[in-house]
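The structure under discussion appears below in the form of structure tokens.
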Amino acid sequence: MDFAWTPEQQRFRAELRAFLAEHLPPNWEELADGPASELQSQFANGFCGKLAAAGLLVPHWPARWGGRDADPWTAFILAEEMWMAGEPRGGQYMNVNWIGPTLMRFGSPEQQQRYIPPMAQGHTIWCQGFSEPEAGSDLASLRTRAEPDGDHYRISGQKIWTSYAGYADTCFLLARTSPGKNGISIFLVPMDTPGITVRQIPSVIGEGDIHEVFFDAVCVPATAMLGGEGQAWDIVRAALSLERVGIPRFALASRALQRAVKRLQQLGRFGNGAIEQAARAQAACEAARLYSYAIIDQRAHGIIAGPEASAARYATVNAERAVGEFVVEHLPEALAGGDALLQAHHQRAIVAGIASGAAEIQLNLIATELLKLPREPR
Amino acid sequence: MDFTLTADQSALCDAIDRLAQRFDAKPIDFHGFALASAELDRELEEGSYFDIAQIPELGPLSAAMAVERLARCAHASETALSMLVRPQLPGEFARALALVENGRPGRFVAQARTLILIDGEELAIAEPAPEQLEAVHSIYAYPMGRVKGELKRNRLSAADAASIRSWLRVALAAEASGLIQAAIDSTVEHISVRKQFGRPLGSFQALRHRMAECQVLAGGLRWLMLKAAWSGDAGDAALAASHAQDSGTRIVYDLHQMLGAMGMTLEHPLHLWTYRLKALFSELGGRGGQASAVAQHCFAAA
């Protein structure tokens, strides 16, 4: 067991920091008004193109898709540095983390040729059409229907709380092709297809983050289906195993905590009460970091993460909460025009336990699969 | 970064596990608090397990794994200070070791041949004669003892004192990690079989979620503790000890609560781990003390 970074990993982290120092504008923190705002989305497009040109967008992807076959640690160091910097990749982090790899595994040659190169070049945004008004945590009850119509499908229904939909080019959409959990299929749907309407939902996260997406008899070719009919559950499970620790939230939380502490020290307000709470928050951040590293270590050894990934995710929720509570209690002015980065962190932190599957679902998985407690009757 | 155990670590963990299994269970007729095992102590001594940290292929990280596993036993043994702190002391000192903070009773003090004395900012070592020590009755589930009269103290240098404080924190975190996991496992076992309203208690979401939260804290502590034992860094040690005392404090009452009336008995072994944990909550200055150390080592002064 070894907790040290290799010289190569240290060099890669240094390279990323140098890249960020060179390419983030001086007013970047003030630009951070909502991870999916128009300003940030535009910035992300240019930024991801530069990352791609430098070979830093998808280093962990296979060489044939524009990567260099780097290991999962490289991917996670990349994610840490980007998230800690306020995620200048915007919604494109999803392409890098799981949409690209999922298409590589399950996509047809035509789908791969059409969608993967623009991702590798950093010029496309995807959204994830999962949740519906009546199907959030209970995703399997989704109602959006895809009816066969010759060699096409007609999709009707509604998605909700969809991140990045406002500027997305393509939707990774779940729709029902027959009844039951095994009757859900995935469609790759260009967002400019007639019949799609997107409405922004005002959110505490910031401008442009979540949306309602309406599908009114949207006609897509049968070739837009990813995998076979009814395969969605298996594909999504594989995809989400990449995503559960996909966002190293602890990295920004830890940076926010360090900044808040420094400010309090400067103000002479880092007294015993603040010190105790800051210590707890820092320990929570580091616990989440090591938990997440343990999952990446499994991945690096070819092991698909089990319920430990849910524990890592929940530890991250604890860390986000601890830092958020510390800032509002001891440095409240940060959220009243005092510090753009601390405010952006606070706005994003609320998502930690909600997006990518509610934290309570993670607790259920931990209880059943890690602790082996008896299941709750249904 | 590679969390796979080395062949030496795997072999050690297997050997410790085989040994520990014989001391995992509480004897059915034991209904007290301080359950210790001289036999376990002797076997660890005979197997040279107290010297793990000094073996280059194993080191303090492996010693911390051993401490964590042995702390899960129902039978307590003085392993944490012997395995993790003794190798860092300036000189050769006999075990058992014990910590005496500001003259208060401490764990294993009556059996100790070496005492680490903390008085305010000062750290000293003493090698007491048996008649200078006495056992005290306690509900802390460790053999507790105290010092009688004056001891000859060898004050540690500031550098040694700082190092020993760090390793005391690692030892505390390793011990707490094992205690917390054993307490969780024992509670999970009970609520998996105890039925009310026609189904196991552990199938009710109110308990499932709380147990899962306890497990998340325990897992986080284990990683922090292992990292601290690996690095020997004062900041890592402070974070591990902070998380240990904080997590322990948060889960002890929950676990007894989930056991219901069994949580009030001395028949069920849960109290052996939880009341040992309570003995750790105040050590090294408690949560406030760990927080000060985190502030000193993890937050650069502005």
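The values are calculated or read from the model by the stated rules, or taken from the named source; none is laboratory data. The model shown is predicted, which means the values in this text are computed figures rather than measured ones. Backbone-built Cβ (ideal geometry, glycine too); neighbour counts: all protein chains shown.
Here are some notes:
- Qualifying residue in region A:353-364 (condition: more than 9 Å from every other protein chain (Cβ to nearest Cβ), within 30 Å of B:Lys195 (Cα to Cα) and of a type in the set (Gly, Ala, Ser)): yes
- Set side by side, the residues A:Asn318, A:Asn272 differ, and just one is of a type outside the set (Phe, Trp, Tyr), farther than 30 Å from A:Tyr153 by Cα and surrounded by 21 or more Cβ atoms within 10 Å (Cβ to Cβ), which is A:Asn318.
Results for (1) among the aliphatic types (A, V, I, L, M); (2) out of contact with any Phe, Trp or Tyr (no Cβ under 6 Å at 6 or more places or on another chain); (3) outside any helix (DSSP H, G or I), shown as yes or no for each residue.
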{"site": "B:Ala228", "(1), (2), (3)": "yes, yes, no"}
{"site": "B:Gln245", "(1), (2), (3)": "no, no, no"}
{"site": "B:Gln257", "(1), (2), (3)": "no, yes, no"}
{"site": "B:Tyr275", "(1), (2), (3)": "no, no, no"}
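- Within region A:267-284, the set of residues being part of a helix (DSSP H, G or I), more than 8 Å from chain B (Cβ to nearest Cβ) and out of contact with any Asp or Glu (no Cβ under 9 Å at 6 or more places or on another chain) comprises A:Leu267 only.
- Scanning region A:327-358 for residues that are crowded, with 23+ Cβ neighbours inside 10 Å and in a helix (DSSP H, G or I) turns up A:Val327, A:Leu342, A:Ala344, A:His345, A:Arg348, A:Ala349.
- Conditions (1) closer than 17 Å to B:Ser77 by Cβ; (2) in a loop (DSSP other than H, G, I, E, B): number failed by B:Ser177: (2)
- When B:Ala295 is tested against (1) within 14 Å of chain A (Cβ to nearest Cβ); (2) under 19 Å from B:Arg107 (Cβ atoms); (3) not charged (D, E, K, R), exactly one condition is not met: (2).
- Taking region A:19-38 as the range and being within 23 Å of the chain's Cα centre (by Cα) and either within 14 Å of another protein chain (Cβ to nearest Cβ) or of a type in the set (S, T, N, Q) (or both) as the test, only A:Ser37 passes.
- Options A:Gln128, A:Gln158, A:Gln111: the member that is farther than 19 Å from A:Cys219 by Cβ and either surrounded by 22 or more Cβ atoms within 10 Å (Cβ to Cβ) or out of contact with any His (no Cβ under 6 Å at 6 or more places or on another chain) (or both): A:Gln128
- Any hit, region B:151-170, residues being under 27 Å from B:His31 (Cα atoms) and touching a residue at least 12 places away in the same chain (Cβ under 8 Å): no
- Any hit, region B:267-288, residues being polar (S, T, N, Q) and over 23 Å from the mean Cα position of the chain (by Cα): no
- Residues of region B:249-284 that turn out to be within 24 Å of B:Pro105 (Cβ to Cβ), among the small types (Gly, Ala, Ser) and either surrounded by fewer than 18 Cβ atoms within 10 Å (Cβ to Cβ) or touching a helix residue (DSSP H, G or I) at 6+ places or on another chain (Cβ under 7 Å) (or both), as a count: 1
- Matching residues, region B:185-210, being buried (at least 24 other Cβ atoms within 10 Å of the Cβ) and either touching a residue at least 24 places away in the same chain (Cβ under 8 Å) or polar (S, T, N, Q) (or both): B:Thr187, B:Ile191
- Cross-chain or 6+ apart pairs with Cβ under 6 Å, region B:50-71 first and of a type in the set (Phe, Trp, Tyr), then part of a helix (DSSP H, G or I): B:Phe50/B:Ser82; B:Phe50/B:Met83
- Tally, over region B:226-250, of residues that are closer than 16 Å to B:Leu168 by Cβ and of a type in the set (D, E, K, R): 2
- Residue within region B:228-250 that is without any contact (Cβ under 8 Å) to a residue 12 or more places away in the chain, of a type in the set (A, V, I, L, M, F, W, C) and more than 9 Å from chain A (Cβ to nearest Cβ) present: no
- Residue in region B:89-98 that is under 29 Å from B:Asn154 (Cβ atoms), more than 14 Å from chain A (Cβ to nearest Cβ), within 20 Å of the chain's Cα centre (by Cα) and in a helix (DSSP H, G or I) present: no
- Test: residue in region A:221-243 that is within 14 Å of another protein chain (Cβ to nearest Cβ), β-branched (Val, Ile, Thr), in contact with a helix residue (DSSP H, G or I) (Cβ under 7 Å, 6 or more places away or on another chain) and more than 24 Å from A:Val58 (Cβ to Cβ): no
- Residues (away from chain B (no Cβ under 14 Å) and either buried (at least 19 other Cβ atoms within 10 Å of the Cβ) or touching a helix residue (DSSP H, G or I) at 6+ places or on another chain (Cβ under 7 Å) (or both)) located in region A:1-18: A:Leu16, A:Arg17
- Figure legend. Inter-residue proximity from region A:16-44: first residues without any contact (Cβ under 8 Å) to a residue 60 or more places away in the chain, second residues outside any loop (DSSP other than H, G, I, E, B) and crowded, with 18+ Cβ neighbours inside 10 Å, beta-carbon distance below 6 Å, spacing 6+ or different chains. Indicated pairs: A:Leu39/A:Leu31.
- Residue in region B:128-136 that is in contact (Cβ under 8 Å) with a residue 40 or more places away in the chain, assigned to a loop (DSSP other than H, G, I, E, B), over 18 Å from B:Ala34 (Cα atoms) and not hydroxyl-bearing (Ser, Thr, Tyr) present: no
- Selected residue [modelled with pLDDT of 95 or more and closer than 21 Å to A:Glu276 by Cα] from B:Leu270, B:Leu226, B:Leu239, B:Leu179: B:Leu239
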